[in-house]
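Below is one structure, written out as structure tokens; comments come after it.
The values are calculated or read from the model by the stated rules, or taken from the named source; none is laboratory data. Just so it is clear, the model here is predicted, and its values are computed rather than measured. Heads up, the Cβs are rebuilt from the backbone with ideal geometry, glycines too, and the neighbour counts pull from every protein chain shown. To get the accessible areas, we keep the full protein, side chains included, count just its heavy atoms, and leave off ligands, DNA and RNA. Shrake-Rupley method; radii C 1.70, N 1.55, O 1.52, S 1.80 Å.
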Amino acid sequence: MKTLIEGGDIIAYANGGHRLLRAGVLVFDDDRVIFVGKSFTGSVDRRLDASGKLVIPGLVNIHCHADVEAGGRLIADTGRRDYFHTGYLNYFAAKKGVKALGPRQDPDIGGRFALVELLRNGCTTVVEIGVAAEAHARIAGDLGMRAYLSPAYKSTDYCLTDEGQLYYDTNEAAGMAGLERAKVFIATHAGSYDGRIQGMLFPYQVDTCSPSLLRATRKAADELGVGIEIHAGQNLLEFHEILRRHAMTPVEYLADTGLLGPDAIVGHCIISTAHHLAALPAGRDLEILARSGATVAHCPLVFARRGNALESFAKFRRAGVNVGLGTDTYPRDLISEMRWASNLCKIVEHDFTAAAAAEVFTAATLGGAKALRREDLGRLAPGAKADIALIMMRSFRMGPYRDPIKALVQCGTADDVDQVIVDGRTVVEGGHVIGVDEAQLLAEAQVEAERLWGTVPEWHWQGLTAEQLSPQSFPPLTTDLTS
Ligand SMILES: [Zn+2]
């Protein structure tokens, strides 16, 4: 079936980069774009009016976790000082034998909440690093989105002593068993739902995976022809732990174990030899990354909340490192992440020309597609997948604009996404995911998050309640106020 989109500005793709087509026409036939230009003379089956809208390729989100983000939402503005800038250890680490917050989550409600959020926010392709890939494959497949999935695994747990000191508890067999589970998942699910569900390997974090597990991961990725994503360079503790264990930086360690390559994504590489806090002489991390062809998954907001930033988006790009964007945190709004990526880089570089709108938009589309080795995603050109987002541009939020990409990056949010098409099928209309009771889903997510916040005393090393760990911003009003 042929569909023609007309009346809006289109971000088209030609000669290796995006191009602006004013008041253009885009035609797709089933799942593929067949025409982008000024006017189309052939017959079509339906027409979509995009006047007042910007037509962009569906966003490619190369780093997210499908849950209700109860942990991240709990520790905003707070957390342990000795974890430095990192947030997740506050709810990922518990005493040995005690389940921290992560494994207590309901994968079904978390998956439905996060994947619906991502889709209505314009992310047509997501790389989702989680443990509940079976549930998430079904949810993403039924919603009509594209997802790279498998269960993440590790050979080491973060543990706390009775005094709250962090240590690593290693179980090599568990790591290898996890890799085997991921291989089975990929064999079973990769290519399902018309190829929208694909596999990828997720050794969890650089400091929780042994050299042998990383080497086995590389071997499996080569055999299966799938990519790899791992968290590395997330914080100072991890950076120094790898330096202490292996006399290498996390990037050097990933290169040494063979993990890096054009099919590898490193989330998030904040602390590398390019970051001033690493204070390491003779750093070559960016050179190593660039030479390997690996991609950095840049998720600026989650680090900005902890007072840290990549140093810098512009520096990585200048060094030749491919950079894609992700939403490691709440809200899962890749449009806002573009703005964070741009403005944080300008601050870090003291340079208002750094990380321009075009560069961060390219990262959120072509950068992610390159990481996934997909020349049919992140672009609107004949032959590309019909993965498209229509953005409302006539609003006080966008204001008067002459450059729609600068308007989108500086003013836009995910709430401006009006319509989303994946594989030629409309899945979001008027900002709402078709076939989903959003009010019901939001209510279920609230109940689930409150249940998880209620479990804090069961896993917090000092037995604190959620209110003790993270008091409400304002104290409660305890008496009636009368005149
Ligand atoms: Zn992450």
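Out of all the residues in region 413-420, is one or more part of a loop (DSSP other than H, G, I, E, B) and modelled with pLDDT of 95 or more? Before the answer, list the steps.
Initial filter on region 413-420 (part of a loop (DSSP other than H, G, I, E, B)): 413.
From the residues that got through so far, the ones that are modelled with pLDDT of 95 or more too are 413.
Checked region 413-420: at least one residue is part of a loop (DSSP other than H, G, I, E, B) and modelled with pLDDT of 95 or more.
Just for strands (runs of 3 or more DSSP E) wholly inside region 13-68: which have at least 1 residues that are out of contact with any His (no Cβ under 6 Å at 6 or more places or on another chain), farther than 19 Å from D403 by Cβ and within 16 Å of the ligand (Cβ to nearest atom)?
Details: elements: 17-21, 25-29, 32-37, 46-49, 53-57, 59-64.
Filter on region 13-68 gives 59-64.
Among the residues of region 297-307, write down those that are under 24 Å from A264 (Cα atoms), outside any strand (DSSP E or B) and not hydrophobic (A, V, I, L, M, F, W, C). Walk me through it before giving the result.
Step one: of region 297-307, the residues under 24 Å from A264 (Cα atoms) are 297-303.
When the remaining residues are screened for being outside any strand (DSSP E or B), the result is 299-303.
The one that is under 24 Å from A264 (Cα atoms), outside any strand (DSSP E or B) and not hydrophobic (A, V, I, L, M, F, W, C): P300.
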(message) Just checking, does region 202-223 include any residue being more than 30 Å from R306 (Cα to Cα) and among the acidic types (D, E)?
(response) yes
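Quick check on my filter: what residues within region 293-313 are closer than 21 Å to A369 by Cβ and either hydrophobic (A, V, I, L, M, F, W, C) or in contact with a Ser or Thr (Cβ under 6 Å, 6 or more places away or on another chain) (or both)?
Here is the first cut: in region 293-313, the residues closer than 21 Å to A369 by Cβ are 293-300, 310, 313.
Selection gives A294, V296, A297, C299, L310, F313.
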(request) Please state which one of A247, A282, A278, A264 is open to solvent by less than 40 Å² (accessible area, probe 1.4 Å) and over 24 Å from A369 (Cβ atoms). (result) A278
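Yes/no matrix, rows are residues, columns are (1) touching a Phe, Trp or Tyr at 6+ places or on another chain (Cβ under 9 Å); (2) assigned to a loop (DSSP other than H, G, I, E, B):
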{"position": "R112", "(1), (2)": "no, no"}
{"position": "T124", "(1), (2)": "no, no"}
{"position": "E134", "(1), (2)": "yes, no"}
{"position": "A137", "(1), (2)": "yes, no"}
{"position": "G141", "(1), (2)": "yes, no"}
{"position": "D157", "(1), (2)": "yes, no"}
{"position": "E163", "(1), (2)": "yes, yes"}
{"position": "Y168", "(1), (2)": "yes, no"}
{"position": "A173", "(1), (2)": "no, no"}
(message) Which condition from (1) under 19 Å from Q205 (Cα atoms); (2) within 16 Å of the ligand (Cβ to nearest atom); (3) of a type outside the set (D, E); (4) open to solvent by less than 10 Å² (accessible area, probe 1.4 Å) is the one that A94 breaks?
(response) (2)
(request) Residues being open to solvent by 20 Å² or more (accessible area, probe 1.4 Å) and either over 21 Å from T156 (Cβ atoms) or within 15 Å of the ligand (Cβ to nearest atom) (or both): count how many of those fall in region 70-91. (result) 9
(request) Output the number of residues of region 318-353 satisfying the condition of being in contact with a Gly (Cβ under 8 Å, 6 or more places away or on another chain), within 16 Å of the ligand (Cβ to nearest atom) and within 22 Å of A407 (Cα to Cα). (result) 6
(message) Can you tell me which condition F84 does not meet? The list is (1) of a type in the set (A, V, I, L, M, F, W, C); (2) farther than 20 Å from A407 by Cα; (3) modelled with pLDDT of 95 or more, and all the others hold.
(response) (3)
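Which of the following residues is more than 28 Å from I10 (Cβ to Cβ) and touching an Asp or Glu at 6+ places or on another chain (Cβ under 7 Å): V266, V296, V321, V302? Full working, then the answer.
Details: V266 fails: touching an Asp or Glu at 6+ places or on another chain (Cβ under 7 Å); V296 fails: touching an Asp or Glu at 6+ places or on another chain (Cβ under 7 Å); V321 fails: touching an Asp or Glu at 6+ places or on another chain (Cβ under 7 Å).
Selected residue: V302, the only one of V266, V296, V321, V302 that is more than 28 Å from I10 (Cβ to Cβ) and touching an Asp or Glu at 6+ places or on another chain (Cβ under 7 Å).
Is it the case, given these coordinates, that R339 is basic (K, R) and not in a helix (DSSP H, G or I)? Give the steps one after another, and end with the answer.
Details: basic (K, R): yes; not in a helix (DSSP H, G or I): no.
When the stated conditions are applied, R339 does not pass them.
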(message) Here is a list: E359, E311, E337. Which entry is more than 25 Å from R81 (Cα to Cα) and surrounded by fewer than 21 Cβ atoms within 10 Å (Cβ to Cβ)?
(response) E359
